[in-house]
Amino acid sequence: MLRAIHHVAIICSDKDAALDFYHTKLGFPILRENYRADRDDWKIDLQLDEGTEIELFIMKDRPNRVSDPEAYGLRHLAFRVASVEETVRALKKRGIPCEPIRIDTFTGERMTFFRDPDGLPLEIHE
């Protein structure tokens, strides 16, 4: 019945910072960029892979994300990569700091986290 993830929606506070991070630094192509006057916000759709998108909603006056302690709900977004070490080097060259690489206790695979401009935790995992 449920076959795949169609999209992930992320609420961002700053359009320029979000596009710099997700489009310029992470390289996700822009599919659609629309201003919604009735909501006074932007909805920007990015291509993650074939069939999967990231929706960025640029909204004003939203509460800050609760991080510590973590709240119920979506915890983080994880991306599969061929090499965590190579990806960390590429992210650092683009000015994106990453946590130290560690081993997933259950899978034995390398992984680490970094954050978007609004503090959303993003994971890379082999």
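The values are calculated or read from the model by the stated rules, or taken from the named source; none is laboratory data. The structure displayed is predicted, hence computed values, not measured ones. FYI the Cβ positions are ideal-geometry reconstructions off the backbone, even for glycines, and counts take in every protein chain you see.
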Yes/no for Arg89 being under 23 Å from Arg3 (Cβ atoms), charged (D, E, K, R) and out of contact with any Leu (no Cβ under 7 Å at 6 or more places or on another chain): no
Hey, Cys98 assigned by TED's automatic domain parsing to the domain that holds Ile124, touching a Leu at 6+ places or on another chain (Cβ under 6 Å) and not acidic (Asp, Glu) or not: yes
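Can you tell me which residue among Arg89, Arg94, Arg102 is over 18 Å from the mean Cα position of the chain (by Cα) and either under 29 Å from Asp14 (Cβ atoms) or without any contact (Cβ under 8 Å) to a residue 60 or more places away in the chain (or both)?
Every option except Arg102 fails the conditions.
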Asp118 being at pLDDT below 95, surrounded by 13 or more Cβ atoms within 10 Å (Cβ to Cβ) and in a loop (DSSP other than H, G, I, E, B): yes
Selection status of Met59, touching a residue at least 24 places away in the same chain (Cβ under 8 Å) and over 24 Å from Ala4 (Cα atoms): yes
Scope region 1-20; condition farther than 21 Å from Asn64 by Cβ and small (Gly, Ala, Ser); matching residues: Ala4
In region 50-83, the residues that are exposed (fewer than 10 other Cβ atoms within 10 Å of the Cβ) and over 17 Å from Lys15 (Cα atoms): Glu50, Asp68, Pro69, Tyr72, Gly73, Ala82
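So, restricting to strands (runs of 3 or more DSSP E) that lie completely within region 1-78, which ones have at least 3 residues that are closer than 20 Å to Phe113 by Cα?
7-12
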Met111 in contact with a helix residue (DSSP H, G or I) (Cβ under 9 Å, 6 or more places away or on another chain) and free of Cβ contacts under 8 Å to residues at least 60 places away in the same chain: yes
